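Every number in this text was worked out from the coordinates using simple rules, so none of it is lab data. Please read all numbers here as calculations on a predicted model, not as lab measurements. We place every Cβ from the backbone using ideal geometry, glycine too, and count neighbours over all the protein chains shown.
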Amino acid sequence: MQRKFFFLILLLGSCIGASGFTPTEDGLYAVFNVSLRQTNNREFATKEFAARLHYREAPLTVANFVGLAEGTYDWFDFQEHELRSNTPFFDNTEFHRIIENFIIQAGSPDGSLGGGPGWSIPDEIVPELKHDGGGVLSMANSTTSQGANLNSGGSQFFITMVPVPGLGQEGRLSVLDGRHAVFGEIVEGLNVAQEIGRNPLSGSQPHPDWPVTIESVKIIRQGAAAQAFDPIDHWQPPAFRRGKLETRFTVEDHDGNPETGPLPVLEWTFLRDRDNHYYIEDSNDLQDWRIVHDFQRAVALRDLPIRRDIRSDIVSDDRHFYRMLELVYPPLPEPPLQGTSGTNLTLQLNAVDVDPERVPFQPESLRFTLLGNHQGYWELKRSDNETMRPIGEIDSYQWWNLADKHQVTLYLDGFTGLQAYLTPTSPNSGTAYVHYLSPRPEGVNVTGTYTLSSENEGRTRLDKEGLKLTFNIDGTTLQGDPFTTTFEIDFWDQLENQNSEDDIRYEGSWKVTASDNDFVDIGRLLYHWFEEDGKIQLLLDFDLIAGIHLQLDSPLTASGTADAYLRSGARFETVSYTTGTGDARPVTLDKNLTELTLNIDLEGDASGKIVIDFWDNSQGIYESSRTDQEGTTTGTVRFYEWLESNDETWVNLTFDGQILDMRVFLTETAPGSGRAKLHILESRAVLDATYTIGQGEPRPES
């Protein structure tokens with residue numbers, strides 16, 4: 001009897017020692033119990049690893065993870081389309097992404113790269129916490145074709161593997177620094193995480209026969225400070241509610257063509273709060289739902305109608321039900337020190353050693369004027385120019401107040417987007433850690449200092465509607481011959497259909513010619529004129545070419561010189577300019593049922609002919625032939641625009657790919673006929689032609 005009792009004690013002691021992690025130091029820990037198939041016997045086994053969570057350094061990120069793991073936060077189950085309360089989020093989810101010798105990734109209930117709890121959290125980068133080895137826990141971000149989105153993490157996280165000598169893993173891991181928020185590190189069971197990383201793969205996913213499942217994530221609090229850590233104190237997730245969605249169904253004639261028939265259209269209307277997130281769901285049986293629209297937060301406050309062509313859906317099933325899920329966030333923080341001209345944030349950047357032969361300059365400071373509605377201006381001081389500071393517009397920004405620092409994320413027009421972490425050392429200044437969204441010569445992550453101010457900068461908007469500005473930029477060809485590029489800018493009025501809360505933008509047109517060829521570029525632009533500190537600043541945002549910033553003396557004179565910053569090549573130039581009376585907005589001509597015949601001079605004795613019939617809806621048909629080739633080419637005009645301005649007439653033509661797109665300038669010499677210049681957009685060639693205008697053929701019946 002005594003021997004049996006002793007055997008039972010040994011058995012229980014063995015189970016206790018193998019079943020759980022016991023911390024040896026105070027802290028907040030996450031214990032992962034995972035199920036994975038063994039390579040030796042193909043049976044599933046449950047193993048565990050434990051990670052220390054950096055709750056002091058990254059309290060918001062850790063709070064989000066712990067709140068999900070323990071079920072403290074309510075979250076939305078997008079697979080079942082139900083709200084979950086008091087339900088651990090990570091249980092029975094899988095490691096859905098594995099990149100050999102790099103990372104393993106989990107935290108998506110449906111196993112997709114886009115799966116999550118419904119919300120996103122701000123990035124919380126701590127420069128001292130790096131991806132410097134194996135076992136680092138870090139937040140994943142959503143991605144686009146341009147790369148990772150900032151402030152887009154929700155529930156997905158990844159764990160780094162041990163760098164492998166000779167494979168360059170140290171450098172591979174370092175590219176994650178500044179972009180992904182580190183919030184923990186494995187302290188026991190790293191070999192288990194590495195075993196997951198060696199799982200048989202199908203692409204970047206575990207092979208279907210070899211899933212790796214997180215059975216549970218247990219949070220252990222050791223010590224008074226960890227026991228006092230409450231996720232709600234550091235991150236308040238959004239509340240979920242069913243928003244009011246007005247739905248209207250119409251059948252509309254969308255192109256004016258009786259042959260195409262009407263188009264079934266749905267229109268939803270709802271009041272959109274810039275701080276909230278909206279999902280519109282669709283079902284045909286009130287059981288299975290799918291998300292058909294996803295509207296992120298941080299936009300202007302407005303009634304938002306959304307139109308949707310439902311023709312394809314009606315073909316298969318004419319029953320449709322719609323509902324809206326609204327995520328109600330606390331209001332986004334506003335920048336401090338809001339003055340009459342917004343908040344001025346200046347980043348003074350530390351010098352970085354770069355190759356002086358390859359990089360002629362470095363940014364010395366960046367100043368941002370943060371205006372309402374998440375817009376504003378940026379200004380760059382460079383080491384290679386003391387007289388001009390390039391400026392541009394802030395497309396959007398977000399300001400976040402983290403535990404001991406501020407975070408501001410800025411998307412800029414004409415300069416790389418960036419994320420700056422501001423740690424105060426006084427009320428309005430401190431140290432800065434800056435992560436560039438796109439790599440720059442001085443690196444991706446730089447350091448410096450910051451200051452905040454609210455002084456009125458004295459920036460006055462100027463009204464230059466009806467002005468023409470012509471300026472010249474000197475350059476050389478590839479052969480070294482000098483040439484001059486001439487810009488002609490006509491300034492019109494405000495851009496139509498602007499939100500009254502946005503920074504108002506103005507529209508104009510541009511024409512560019514070069515002295516070394518006859519090709520003419522034409523397009524439209526948005527512009528800003530304003531005066532500041534005795535200088536006139538002009539921002540030109542072109543539709544087809546890189547933008548230009550001009551700095552002119554005030555008051556504006558009939559002619560003179562100006563400093564220019566060319567975004568193409570990021571270089572400075574001095575330009576000469578003249579001013580005059582501008583051309584008005586061109587008139588769009590209705591050329592439905594018009595036929596244009598172009599007789600084109602080609603090289604040698606050859607000639608060409610293009611006959612175009614213009615229809616409504618900016619479409620048409622063409623027939624093309626050449627005297628030095630047999631046969632003809634017929635096709636469609638995908639888009640045309642026939643414009644007239646101050647006795648000048650031109651046609652923009654986009655074809656179906658069989659012949660090159662072109663712009664045709666027409667000079668009338670007799671009624672319905674004259675000379676033409678064909679400017680071929682791809683080759684930038686210019687061809688001479690004659691033209692006639694006649695009665696066109698109607699759109700053929702289907």
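See the values below:
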| quantity | calculated |
| --- | --- |
| Dipole magnitude (debye, nearest 20) for the chain, charges at Cβ of Lys, Arg, Asp, Glu | 2760 debye |
| In degrees, nearest ten, helix 2-19 long axis to first principal axis of the chain (Cα) | 20 degrees |
| Segments 431-441, 575-585, 57-67 sorted - mean Cβ within 10 Å per residue, highest first | 57-67, 431-441, 575-585 |
| Residue-averaged [θ]222 nm for the chain, counting only DSSP H segments that reach four residues, each worth -39500 (n - 2.57) | -2000 deg cm²/dmol |
| Along principal axes, Cα extents of segment 587-695, largest first, whole Å | 37, 28, 27 |
| Leading residue at positive end of dipole, the chain (Cβ point charges), from 546, 214, 513 | 214 |
| Read-out P(r) over Cα pairs in 10 Å bins from 0, in percent, derived from the coordinates shown; its label in [x] 3, 13, 23, 27, 20, 10, 3, 0; [y] 2, 11, 17, 19, 19, 16, 9, 4, 1, 1, 0, 0, 0; [z] 2, 10, 14, 13, 10, 10, 8, 8, 6, 5, 4, 3, 3, 2, 1, 0, 0, 0, 0 | [y] |
| Members of 47/218; 511/677; 47/130; 130/381; 591/677; 130/405 lying beyond 25 Å, as alpha-carbon distances in this model show | 47/130; 130/381 |
| Gain upon complete extension [residue 670, residue 132; 0.36 nm per residue less C-alpha separation] | 186.0 nm |
| Using a Förster distance of 60 Å, the FRET efficiency for residue 513-residue 80 (Cβ separation, nearest 0.05) | 0.45 |
| Estimated vicinal HN-Hα couplings, Hz - segment 179-185 in sequence order (Karplus 6.51, -1.76, 1.60; Gly, Pro = x) | 9, 10, 7, 6, 9, x, 8 |
| Whole-Å distance, taken between Cα centres, linking segment 505-524 and segment 557-617 | 6 Å |
| With 5 Å bins from 0: P(r) over segment 51-160, alpha-carbon pairs, percent | 2, 11, 21, 26, 22, 12, 5, 1, 0 |
| Reach of residue 535 by Cα under 14 Å, taken over aspartates and glutamates that are not fewer than 8 positions away in the same chain | 457, 553, 563 |
| Gained length - residue 461 relative to residue 659, 0.36 nm times residue gap less alpha-carbon distance | 66.8 nm |
| Stretch gain in nm, segment residue 590-residue 265, where the contour uses 0.36 nm per residue and the Cα spacing is subtracted | 114.3 nm |
| Total charge dipole magnitude, segment 17-233, about the Cα centre, Cβ charges on Lys, Arg, Asp, Glu only, Debye to nearest 20 | 440 debye |
| Förster radius 60 Å - calculated FRET efficiency between residue 626 and residue 296 (Cβ-Cβ, nearest 0.05) | 0.70 |
